[in-house]
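The structure appears right after this line, and notes come after that.
The values are calculated or read from the model by the stated rules, or taken from the named source; none is laboratory data. Everything quoted here is computed from the prediction, not taken from an experiment.
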């Protein structure tokens, strides 16, 4: 390990403080609504791909039949 890395690590340890903790409730403002917000966020993340795939499947399912009908009438 080089000297500059060691010096940087020591300086970081000296100036580290508990007040800079990101996971503190004081900084996150956790309320009674927080579980609902997390639930809605995760629900959107899970459901949007399913809804999008259903819409795209429905949209492109009709196009294949239309192309097949046009090919049969041209033959």
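Within segment 31-55, count every residue that is in a helix (DSSP H, G or I) and over 14 Å from the mean Cα position of the chain (by Cα).
Counting residues in segment 31-55 that are in a helix (DSSP H, G or I) and over 14 Å from the mean Cα position of the chain (by Cα) gives 10.
One line per residue, one yes/no per condition, for (1) modelled with pLDDT under 85; (2) over 33 Å from the mean Cα position of the chain (by Cα):
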position: 6; (1), (2): no, yes
position: 13; (1), (2): yes, no
position: 16; (1), (2): yes, no
position: 29; (1), (2): yes, no
position: 63; (1), (2): yes, no
position: 66; (1), (2): yes, yes
position: 72; (1), (2): yes, yes
